């Protein structure tokens, strides 16, 4: 190795250091810039309060949406007035003739049974819409009929349950279809 070669290596070494330093400076500057200023133009410490406020606002709005969603997830069943049992033979002219049951109660899942009125409609409310339910029809203290249903099979969340005196059966309809029968307000 000649002295000229040695001088070239020594002279090249500071230039390489400068190139490396030049290359690293923008990275250091970008890191410092990211720590000190966000895109909103505030320093990191100033933006901490903004971030806490934003988080609180998002949580508050999420709570409001959850409460609103819960009110939408409750359905109801309107029980139409039942016909009083009539004397005489059952016929189209006398559909409640010969019916022996005088009082019906309706129980949804494990809720308390609700007595069906002969004079006015009765509403069972606050029924969860996201799962299936067991409805028991209790006549004079005995379970006479039971069935499962799910709100997802109906168009609305307000349903109509009515008693057909002629056939002595209960039917559950969509509230819009059974509006004339149930008449719940």
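Here are a few things to note about the model shown:
- Qualifying positions in region 74-92 - assigned to a loop (DSSP other than H, G, I, E, B), surrounded by fewer than 15 Cβ atoms within 10 Å (Cβ to Cβ) and touching a residue at least 40 places away in the same chain (Cβ under 8 Å): 92
- Of all residues in region 98-110, those satisfying the criterion of being surrounded by 15 or more Cβ atoms within 10 Å (Cβ to Cβ) and either at pLDDT below 80 or in a loop (DSSP other than H, G, I, E, B) (or both) are 98, 99, 101.
- Selection status of residue 123, touching a residue at least 40 places away in the same chain (Cβ under 8 Å) and surrounded by 12 or more Cβ atoms within 10 Å (Cβ to Cβ): yes
- The set of residues from region 165-185 being surrounded by 14 or more Cβ atoms within 10 Å (Cβ to Cβ), in contact (Cβ under 8 Å) with a residue 40 or more places away in the chain and within 19 Å of residue 84 (Cβ to Cβ) comprises 165, 166, 168, 181, 182.
- Count of region 111-148 residues which are part of a strand (DSSP E or B) and either out of contact with any strand residue (DSSP E or B) (no Cβ under 6 Å at 6 or more places or on another chain) or within 16 Å of residue 73 (Cβ to Cβ) (or both): 8
- Scanning region 93-110 for residues that are touching a strand residue (DSSP E or B) at 6+ places or on another chain (Cβ under 7 Å) and free of Cβ contacts under 8 Å to residues at least 40 places away in the same chain turns up 94, 97, 103, 105, 107, 108, 109.
- The residues of region 134-152 that are closer than 12 Å to residue 173 by Cα and more than 16 Å from the chain's Cα centre (by Cα) amount to a single one, 149.
The values are calculated or read from the model by the stated rules, or taken from the named source; none is laboratory data. It should be emphasised that the depicted structure is a prediction, and the values quoted were computed from it without experimental measurement. All Cβ positions, even for glycine, are placed from backbone atoms using ideal geometry, and neighbour counts span all protein chains on display.
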